[in-house]
Amino acid sequence: MNKKISTAHLASFSPEMKIFELVESSPSLLSIFSRLNIRLPFGDISISEMCEREGHSVELFMMLASMHADTAFRPSKEHLKPEMLGEIIEYLRASHRYYAEHMLPHTAAHLEKILQHCDTLSQSVLRRFYDDYTRYIIDHFNEEERNIFSIIDGCAEGDARECNCNLFDMPHADIDDRSNDIASLIFKNLPEEAPTSLRCTMLEHIYALRDDLRRHSNVEMYLLRPLIEIYSNTTR
């Protein structure tokens, strides 16, 4: 059975919507502002006013917000424009930094609090598994930076021949599998001696990281990939 593709959030978001209303509807959207380097405070401004102030495409921001709020959302190609390509690349680069400098270290720091309640063997196993997971994610990001984003930069400079959707023949599903594996491992092996609040918070961090990485992959596959195709077709 085909998965139903959601359009609900795009319909519920509009350029006239106030920023506080947008965040109130889905507080996790605050991470998008961080990645786009959008300044606070917002006051009583609308999405359109904020995008104009910060120099962002209203249409692209609303698509990113919709994809973040609903992982089943898929942007319509008719709303995509070739000039969005550079902005989405910057967003994805900022996302890589957000994971590497914030989410992964923050989760690791909380894991260390949990490991204080583990025996030596469990500490070694859990720490090594998380370190391997982090290394794999960072290596994947670095490979994208070298082999995808740098090529797209070349396209923007005039070498459109190199731009093609084969750039995305990379194992995004493997990231999701590894995220599920580490969530399962930690879920099953957190020591009972650790306070319940610590264990629950640890799991919240792991699942939040997994879900955010899924959103990231969706942006690459369902927004960046068609944008590359559109850009290539318009520059031939």
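Bear in mind that the values in this text are calculations on the coordinates, not laboratory data. Fair warning: this is a prediction, and the values are worked out from it, not measured in the lab. Every residue, glycine as well, gets a Cβ built from its backbone with ideal geometry; the counts of neighbours run over all protein chains shown.
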**Report entry** Label assignment, Rg and Dmax of the Cα atoms in Å derived from the structure, set (1) 22.1, 91; (2) 17.1, 53; (3) 19.5, 63
**Finding:** (3)
Query raised in the report: Mean residue ellipticity at 222 nm from the helices of the chain, using -39,500 (n - 2.57) per DSSP H segment of n ≥ 4 over the full residue count, to the nearest 500 deg cm²/dmol?
Result: -20000 deg cm²/dmol
Query raised in the report: Taking θ as phi - 60°, what are the ³J(HN,Hα) couplings along the stretch 190-200 by the Karplus curve (6.51, -1.76, 1.60), each to the nearest whole Hz, with x for Gly and Pro?
Result: 5, x, 5, 5, 6, x, 4, 4, 5, 5, 5
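Exactly which trypsin sites (Lys or Arg not before Pro) in the stretch 15-50 are in a DSSP loop and have at most 13 other Cβ atoms within 10 Å?
Numbers: sites: K18, R35, R39; in loops: R39.
Those that pass, being in a loop and sparsely packed, are R39.
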Report task. Using amide H atoms built 1.01 Å from N in the peptide plane, name the residues 5+ places from F73, or on other chains, whose amide H lies under 5 Å from its own. Result -> S6
Report summary line: Among T120, T134, T107, the residue with the largest mean-square fluctuation in a Gaussian network model of the chain built from Cα contacts under 10 Å is T120
Query raised in the report: Helix 104-115 sits at what angle to the longest principal axis of the chain, using alpha carbons and giving 0 to 90 degrees rounded to 10?
Result: 10 degrees
Query raised in the report: What size of dipole, in debye to the nearest 20, comes out for the chain about its Cα centre when the only charges are +1 on Lys and Arg C-beta atoms and -1 on Asp and Glu C-beta atoms?
Result: 340 debye
Report task. Taking H placed 1.01 Å from N in the peptide plane, check which residues at least 5 places from I45 or on another chain put their amide H under 5 Å from its amide H. Result -> I19
Requested in this report: Taking the dipole about the Cα centre of the chain, with the C-beta of Lys and Arg at +1 and of Asp and Glu at -1, give me whichever of H110, I32, H79 is farthest to the positive side.
Outcome: H110
Query - Per-residue HN-Hα couplings for the stretch 12-28 [Karplus 6.51, -1.76, 1.60; θ = phi - 60°; Hz; x = Gly/Pro] - result: 7, 9, 9, x, 7, 5, 6, 4, 5, 5, 4, 5, 4, 6, 7, x, 5
